[in-house]
Amino acid sequence: MTAMTIRVLLADDQEMLRSAYRMILGSQPDIEVVGEAADGVVAVAEARRLRPDVCLFDIRMPGMDGLEATARLAGPDAAEPLKVVIATTFDLDEYVYRALRNGACGFLLKDCSPALLVEAVRAAASGDSLISPSITVRLLKHMAAAPPAPPAAPPPAEPPTPRELEVIAMVARGLTNEEAAEALHVSLSTVKTHLGNIQRKLGSRNRVEIAAWAWENGIRAR
């Protein structure tokens, strides 16, 4: 194990899913699964014992659900907050909002691609946030149906470049980094560089906030 290895704790009450996550993440040279739990109580105890770089939690687990476990490990009252990514079959808005409010730094659906799962773990480990693109799009649809929002915040001091605006529009459409790279005919690392610059310029923490800025400012993909 190298100093750069990302240590991950898995918590899901289904052994089959834990096995799948373990296989996907364990196949990466920079990720190691260091522990597993089948319920929320054990997950919290193991997280506090192992201090993993990233916790990957389900929502519905016996003993304590993943949302409460996230609050205890990553919420405002956590003495030494850990990084938690939620992976679930339930994409109800209540769950998304509660997970993010409780300190989660990622929210994925279990049918996401292995590449997106790996990307979310790496993003969490590096201090970034990743929200499933399909959830981002649905949240924006709710924004569109909601009453008019207050006036948008002042333009960023350093405005996005034309190419960064293209990337912003693609995030708002729900495209993954890989899909954006293909559409723009650039490398994946180039898209990630653009996203890093976008987050810095907009002061956004994740894809939802980037997409919300796009919506509020009328940025649409052609």
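The values are calculated or read from the model by the stated rules, or taken from the named source; none is laboratory data. Being a predicted model, the structure only gives us computed values, none of them experimental. Note that each Cβ is placed from the backbone with ideal geometry, even for glycine, and that neighbours are counted across all protein chains shown. For accessibility, only protein heavy atoms count, side chains too; no ligands or nucleic acids. Shrake-Rupley method; radii C 1.70, N 1.55, O 1.52, S 1.80 Å.
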If each residue of separation counts as 0.36 nm, what is the full-extension length gain between ARG101 and ASN217 once their alpha-carbon separation is subtracted? 39.3 nm
At q = 0.14, 0.25 Å⁻¹, what is the log10 ratio I(q)/I(0) for the range 29-123, with the Debye formula run over Cα points and no solvent? -0.45, -1.47
Take the Cα radius of gyration of the chain and divide it by 2.2 N^0.38 Å, with N its residue count; two decimals is plenty. 1.02
With a ≥ b ≥ c from the Cα gyration tensor eigenvalues, square-rooted, and the rule rounded for a/c under 1.5, otherwise prolate when a/b > b/c and oblate otherwise, the range 151-217 is prolate
For the chain, what does the accessible surface come to per residue with a 1.4 Å probe? Please give it in Å². 50 Å²
Extended-chain gain in nm, criterion 0.36 nm per residue less alpha-carbon gap, SER113 and ASP77: 9.7 nm
Provide the net charge surrounding PRO159, with neighbours chosen by a C-beta distance below 13 Å and charges set as Lys +1, Arg +1, Asp -1, Glu -1. +1
Check which residues have an amide H placed less than 5 Å from VAL84's amide H, if you skip close sequence neighbours. CYS55, CYS105
Simple spin-label estimate for GLU15 and PHE90 in nanometres, 7 Å along Cα-Cβ: 2.4 nm
Measure off, as a whole percent, the carbon and sulfur share of the 1.4 Å-probe accessible area of the chain, all protein chains present. 56 percent
Helix-derived [θ] at 222 nm for the chain: sum -39500 (n - 2.57) over DSSP H runs of at least 4, divide by residue count, nearest 500? -15000 deg cm²/dmol
